[in-house]
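Working notes, structure below.
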Number of protein chains: 2
Amino acid sequence: MAMSIVEDLETPSVLIDLDIMDRNIASMQARCDELEIQFRPHIKTHKIPDIARRQLDAGAVGIACQKVSEAEVFLAAGFRDIQIPYNIVGRRKTRRLASLAKLAKVTVTVDSAAVIDGIAAAAQESDATINMLVELVSLDKRTGTTPEDALQLARHIAATDSLHFAGLMIYPSAAAIRPHLQKTLTLLKDAGIPVEVVSGGGSGAIREAHLLPELTEMRVGTYVFYDWNSVNSGYAGFESCAMRVRSTVVSANEKSRVILDGGSKAVHSETVNGRYGYILEYPDARLHKLNEEHGYVDFSACEVAPVVGDILHIIPVHTCVVSNLHNQLYGVRGDKIEQVWDVAARGMVW
Amino acid sequence: MAMSIVEDLETPSVLIDLDIMDRNIASMQARCDELEIQFRPHIKTHKIPDIARRQLDAGAVGIACQKVSEAEVFLAAGFRDIQIPYNIVGRRKTRRLASLAKLAKVTVTVDSAAVIDGIAAAAQESDATINMLVELVSLDKRTGTTPEDALQLARHIAATDSLHFAGLMIYPSAAAIRPHLQKTLTLLKDAGIPVEVVSGGGSGAIREAHLLPELTEMRVGTYVFYDWNSVNSGYAGFESCAMRVRSTVVSANEKSRVILDGGSKAVHSETVNGRYGYILEYPDARLHKLNEEHGYVDFSACEVAPVVGDILHIIPVHTCVVSNLHNQLYGVRGDKIEQVWDVAARGMVW
């Protein structure tokens with residue numbers, strides 16, 4: 001690509017401010033170093049091997065990704081310590097997982113015997129070894145199991161060929177889960193089952209990771225870019241938000257009815273306080289509705305409104321889903337495009 | 001791809017029931033034939049040239065798409081009558097538009113002199129002719145202008161080299177807009193400006209198109225697949241919904257907390273009555289929350305709940321945004337995969 005100046009970019013395009021991203025990578029690693037826990041970035045936020053490499057260069061021990069197909073992309077890019085904190089279910093997926101495990105250290109999470117048995121069958125077929133963490137159900141009640149069932153599952157894993165019981169996983173690892181975690185660790189200790197890893201995760205959880213000294217590693221994704229959700233939750237300030245969607249005003253016939261060329265295909269349909277993104281140039285503007293290709297903005301609260309052709313920059317509500325919508329992200333410093341990244345693991349739903 | 005049986009498909013995958021799609025294509029065309037108006041399918045719903053070809057084979061006159069980059073994909077696939085009902089703004093985009101117009105009949109919509117002038121400059125540079133419809137603002141107050149301004153814009157287009165004023169556009173073309181439309185047509189007639197096309201659009205609007213006899217054509221997209229929004233709005237029954245997201249149960253430790261492998265990356269974050277999709281096998285199940293890779297389902301209201309490994313089929317809330325998330329759609333009849341379509345214009349945001 002010949003272009004090198006932001007001004008020449010088509011809109012809507014997703015810019016990543018590299019100075020901000022560099023700071024975010026360094027400060028999260030420093031936080032984990034200070035806590036004396038390992039850091040494992042979740043690549044779902046960017047889906048780009050080059051960014052993961054920068055995270056590893058800063059000190060991360062490996063990556064986490066959510067899908068076997070994402071892991072395949074990162075394996076091909078040279079990554080050799082891949083955790084998939086997900087129940088991998090289905091014969092095609094477990095076979096692909098076993099193939100991965102022949103080439104890299106692969107760790108998955110499980111919360112039932114059915115999931116363990118499916119993976120074990122594929123691992124044995126391929127003569128692969130797959131590391132397993134048992135997931136404890138968190139206060140968010142997503143996947144995961146109870147302390148008592150965790151013990152049973154750990155025993156089951158330890159007794160199964162081609163599987164290695166590595167420890168426990170929690171998402172999000174809020175400090176309030178500590179009694180459950182401690183109970184599980186005691187049950188495992190009493191049963192003589194060693195625990196190497198206690199893997200925590202979550203953008204909020206990293207802030208209270210010092211209250212969970214049992215953790216040996218943390219998985220966080222969003223911090224690399226942060227987003228309006230992060231700001232709204234108190235995890236970051238706008239000055240730490242590296243991603244912005246560059247968008248053009250295409251209609252401005254009324255101040256209360258200005259339309260941008262960034263809609264739900266560009267900034268995604270999640271909201272903060274009924275707004276779909278924070279417009280840097282007009283903090284009081286309300287991006288209050290999206291169609292696929294139209295962003296509806298009300299500038300009534302602003303002194304002036306933009307005109308057709310003006311370029312605006314939107315901090316999205318949730319970065320991870322935005323990366324998944326775009327084929328490229330643009331790494332910029334000031335007005336210069338320093339990186340054109342293909343979002344290599346975009347759309348990897350398998 | 002060697003597979004030919006739905007059972008072998010990875011999940012989450014998007015299936016299109018071809019019998020239902022065929023019926024939807026035929027019945028929309030029949031409706032327009034009966035109204036004696038031209039039909040122009042909006043391809044944003046599927047983004048697949050082969051499906052657009054089936055729509056043209058059934059009698060459609062051309063296609064509508066929302067972006068220059070989508071038009072480029074369809075031009076490359078052989079389509080030669082392309083409408084882009086959108087304000088095309090910015091020098092790179094207008095130049096690409098002019099290039100398209102050298103190879104196909106290209107029609108755009110405009111709602112300001114700024115948009116007209118930008119396109120005119122590019123068209124003149126390329127010696128292309130671009131057809132323009134002036135957009136009337138609808139009751140939805142998105143883009144568009146007033147009857148009085150529409151007359152001024154029509155005059156401006158008619159007086160500009162390389163542009164051809166073709167008529168008017170309204171979205172959605174609800175019957176209630178008729179007084180505005182009639183007023184605009186009278187102004188144009190009195191000014192001696194001929195109107196060839198009055199283009200209406202919208203899934204709801206087609207149902208009242210007989211109340212707007214000024215229409216010469218209709219643009220509808222969603223009808224080809226329909227979705228839960230369509231059912232909820234009374235436009236279709238579930239038996240007309242052709243798209244379903246095939247998904248696997250990956251966690252089922254509690255009946256109220258079952259997790260599917262289809263999250264916001266597979267079924268998208270729009271809702272009907274607080275639910276993210278309608279599960280065909282369990283109409284009383286509540287798909288009440290999504291993370292990117294997790295669909296949270298509460299089966300409390302169902303007699304039985306599924307177990308890990310079970311496959312469920314979800315009718316999504318909004319088909320167009322689902323197509324944009326996936327690299328392939330699978331056309332199926334019964335258990336057989338008859339078509340594996342690349343979503344050729346997926347992610348085309350420019």
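Computed from the coordinates by the stated procedures, all read-outs in this text should not be read as laboratory data. These numbers were taken from a predicted model, which means no experiment stands behind them. Every residue, glycine among them, receives a Cβ derived from its backbone with ideal geometry; neighbour counts consider all protein chains shown.
All C-alpha pair distances within region A:230-342, sorted into 10 Å bins from zero, spread as 14, 47, 33, 6 percent across the bins.
Taking θ as phi - 60° and the Karplus parameters 6.51, -1.76 and 1.60, the scalar couplings of region A:37-45 work out to 10, 7, 10, 10, x, 8, 7, 4, 5 Hz in sequence order, x denoting glycine and proline.
Averaging Cα coordinates gives a centre for region B:243-266 and one for region B:46-81; these two points are 34 Å apart. Residues in region B:285-291 carry Karplus couplings, in order, of 6, 10, 7, 9, 7, 10, 9 Hz; the curve used is 6.51 cos²θ - 1.76 cosθ + 1.60 with θ = phi - 60°, and Gly or Pro positions show x. Go from 0 up to the bin containing the longest alpha carbon distance in chain A, width 10 Å each, and give me the % of pairs per bin. Over chain A, the share of Cα pairs per 10 Å bin runs 6, 24, 29, 22, 13, 5, 1, 0 percent. Summary value for region A:76-121: 50 percent relative contact order, contacts being C-alpha pairs under 8 angstrom separated by 6+ residues.
What is the average number of partner chain Cβ atoms found within 10 Å of a Cβ in A:83-89? Show your work: numbers first, answer last.
Working: counts 0, 0, 1, 6, 9, 2, 9.
Partner-chain Cβ atoms within 10 Å, mean over residues of A:83-89: 4.
Work out the FRET efficiency for B:Leu280 and A:Ala77 from their Cβ-Cβ distance, taking R0 = 45 Å, and round it to the nearest 0.05. The pair B:Leu280/A:Ala77 has a calculated efficiency of 0.75.
Placing a label point 7 Å from Cα along the Cα-to-Cβ axis, A:Leu280 is separated from the same position in the other copies by 4.6 nm, shortest listed first. Among chain B residues, the beta-carbon with the smallest distance to the axis carrying B onto A is reported, with distance in whole Å, as B:Ser269, 2.
Summarising the amide proton neighbourhood of B:Ala242: residues at separation of 5 or more, or on other chains, whose placed amide H is nearer than 5 Å comprise B:Tyr226.
If r is the Cβ-Cβ distance from B:Thr216 to A:Ser233 and R0 is 45 Å, what FRET efficiency results, to the nearest 0.05?
Working: r = 52 Å, r/R0 = 1.15.
For B:Thr216 and A:Ser233, the calculated efficiency is 0.30.
For the protein assembly as shown, a simple Cβ point-charge model (Lys and Arg +1, Asp and Glu -1, everything else neutral) yields a dipole of about 140 debye relative to the Cα centre. Residue-wise, which Karplus ³J(HN,Hα) couplings in Hz belong to region A:183-192, taking 6.51 cos²θ - 1.76 cosθ + 1.60, θ = phi - 60°, and x for glycine or proline? Coupling constants for region A:183-192: 4, 5, 4, 5, 4, 5, 4, 4, 7, x Hz. Summarising the label geometry, the points placed 7 Å from Cα in the beta-carbon direction at B:Ile193 and A:Val307 lie 2.1 nm from one another. Multiplying the residue separation of B:Asp117 and B:Glu36 by 0.36 nm and subtracting their alpha-carbon distance yields 25.7 nm.
Close amide H partners of B:Ile337, meaning residues 5 or more places away or on another chain with modelled amide H under 5 Å apart, are B:Ile5, B:Val6. On full extension, the segment bounded by A:Arg23 and A:Lys105 gains 26.6 nm, given 0.36 nm per residue less the C-alpha separation. The residue among A:Ile193, A:His294, A:Leu56 whose Cα reaches farthest toward the positive pole of the charge dipole of chain A, with charges on the beta-carbon of Lys, Arg, Asp and Glu, is A:Ile193.
Between copies, the label points of B:Ile193, set 7 Å from Cα on the Cα→Cβ line, lie 7.6 nm apart, reported in increasing order to one decimal in nanometres.
Site pair A:Lys336 and B:Lys141 shows an inter-label distance of 4.6 nm when each label is modelled 7 Å from Cα along Cα→Cβ.
In chain A, a dipole from Cβ-located charges (positive for Lys and Arg, negative for Asp and Glu) runs towards its positive end, and of A:Ile177, A:Ala120, A:Gly144 it is A:Ala120 whose Cα lies farthest in that direction.
In nanometres and ascending order, the distances from the A:Asn327 label point to those of the other copies are 1.3 (point 7 Å from Cα along Cα→Cβ).
Can you tell me what share of the DSSP beta bridges in chain B is antiparallel? A percent to the nearest 5 is fine.
On the way: 30 of 62 bridges.
Of those bridges, close to 50 percent are antiparallel.
Calculated FRET efficiency, B:Glu208 to B:Glu148, Cβ-Cβ distance, R0 = 45 Å: about 0.95 to the nearest 0.05. Quarter the surface of the alpha carbon convex hull of the protein assembly as shown and you get the mean projected area, 29.8 square nanometres.
Using the Cα centre as the reference, give the magnitude of the dipole from point charges on the C-beta atoms of chain B (Lys, Arg: +1; Asp, Glu: -1; all else neutral), rounded to the nearest 20 debye. Display every interim value, and only then the final one.
Values: 35 positive and 43 negative charges, 171 e Å.
It works out to roughly 820 debye.
Just name one of B:Tyr226, B:Ala166, B:Ile130: the one whose Cα is farthest towards the positive end of the charge dipole of region B:126-230 (beta-carbon charges, Lys/Arg +1, Asp/Glu -1). In region B:126-230, that residue is B:Tyr226.
Per residue of B:74-81, count partner chain C-beta atoms within 10 Å of its C-beta, then hand back the mean as an integer. Working shown, then result.
Values: counts 0, 0, 0, 0, 0, 0, 0, 0.
That works out to 0 on average.
A simple count of charges around B:His210, restricted to other residues whose Cβ falls under 14 Å of its Cβ and scoring Lys, Arg +1 and Asp, Glu -1, yields -2.
Considering every residue in A:246-256, what mean count of other chain Cβ atoms within 10 Å of its Cβ is obtained?
Values: counts 0, 1, 4, 3, 12, 14, 5, 10, 3, 0, 1.
Across the residues of A:246-256, the mean count of other-chain Cβ atoms within 10 Å is 5.
Summary value for region B:18-222: 18 percent relative contact order, contacts being C-alpha pairs under 8 angstrom separated by 6+ residues. Amide H contacts under 5 Å for B:Val108: B:Ile84, B:Asn131, B:Met132, B:Leu133, restricted to partners 5 or more places along the chain or on a different chain, H placed in the peptide plane at 1.01 Å from N.
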